[in-house]
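Worksheet: the structure to be examined is printed underneath.
The values are calculated or read from the model by the stated rules, or taken from the named source; none is laboratory data. Note that this is a predicted model, so its numbers are computed, not measured. Please note: Cβ atoms are built from the backbone with ideal geometry, for glycine as well, and neighbour counts cover all protein chains shown.
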Amino acid sequence: MLRTPVNERRLDILEWLKNPAAHFPPQRHGDLVEDGVTSDSVAAKLGVDRTVADSHLDLLVGIGLLRTRKIRRRLYYRRDEVRIAEVARMFEKGW
């Protein structure tokens, strides 16, 4: 089964991560803006199991739209604005 790089849920995640402080509650460890958010936070916001959120986040990391940072034993996800701008330019140019 082919997985599309972007679907509605992944677009929602990317949109929420533009301003994580507005969309996610404060975290025990890590700064929402500097470090990102955990997959648990994304899962709660999406209303899905963490494994589902992990699959969306892993795909976005794999195509370079998100970066990760490990703090303690958890991964924190945040947008890679440079890569997102590159991809947007590619689509504007028509590949």
Single condition VAL61 does not satisfy, out of (1) buried (at least 17 other Cβ atoms within 10 Å of the Cβ); (2) touching a Ser or Thr at 6+ places or on another chain (Cβ under 7 Å); (3) not charged (D, E, K, R): (1)
Conditions (1) touching a His at 6+ places or on another chain (Cβ under 9 Å); (2) of a type outside the set (D, E, K, R); (3) loosely packed, with under 15 Cβ neighbours inside 10 Å; number of the one not met by VAL37: (3)
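Does LYS93 satisfy the condition of being at pLDDT below 95 and of a type in the set (Lys, Arg)? First the steps, then the outcome.
Working: at pLDDT below 95: yes; of a type in the set (Lys, Arg): yes.
The answer is yes for LYS93.
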Index of the failed condition, GLY30 passing every other in (1) of a type in the set (Gly, Ala, Ser); (2) out of contact with any helix residue (DSSP H, G or I) (no Cβ under 7 Å at 6 or more places or on another chain); (3) in a helix (DSSP H, G or I); (4) surrounded by 11 or more Cβ atoms within 10 Å (Cβ to Cβ): (3)
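Being outside any loop (DSSP other than H, G, I, E, B) and more than 12 Å from the chain's Cα centre (by Cα) is the filter; apply it to the stretch 47-67 and report the residue that is nearest to ILE84 (Cα to Cα). Outline the logic, then answer.
Filtering the stretch 47-67 for residues outside any loop (DSSP other than H, G, I, E, B) gives 50-62, 66-67.
Then drop every residue that is not more than 12 Å from the chain's Cα centre (by Cα), which leaves 50-52.
Details: ARG50: 24, THR51: 24, VAL52: 23 Å.
My answer is VAL52.
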Pairs with Cβ under 6 Å, 6+ apart, first in the stretch 43-72 and on the phi > 0 side of the Ramachandran plot and hydrophobic (A, V, I, L, M, F, W, C), second at pLDDT 95 or above and exposed (fewer than 15 other Cβ atoms within 10 Å of the Cβ): none
Residue match in the stretch 11-24 (condition: in a helix (DSSP H, G or I), closer than 17 Å to ASP80 by Cα, modelled with pLDDT of 95 or more and among the β-branched types (Val, Ile, Thr)): yes
Condition met for ARG9 (free of Cβ contacts under 8 Å to residues at least 60 places away in the same chain and either in contact with a His (Cβ under 9 Å, 6 or more places away or on another chain) or buried (at least 18 other Cβ atoms within 10 Å of the Cβ) (or both)): yes
Inter-residue pairs, beta-carbon under 9 Å, first under 12 Å from LEU17 (Cα atoms) and of a type in the set (D, E, K, R) and in the stretch 76-94, second at pLDDT 90 or above and surrounded by fewer than 11 Cβ atoms within 10 Å (Cβ to Cβ), 6+ apart: ARG78/GLU34
So ASP80, is it of a type in the set (Asp, Glu), surrounded by fewer than 15 Cβ atoms within 10 Å (Cβ to Cβ) and modelled with pLDDT of 95 or more: no
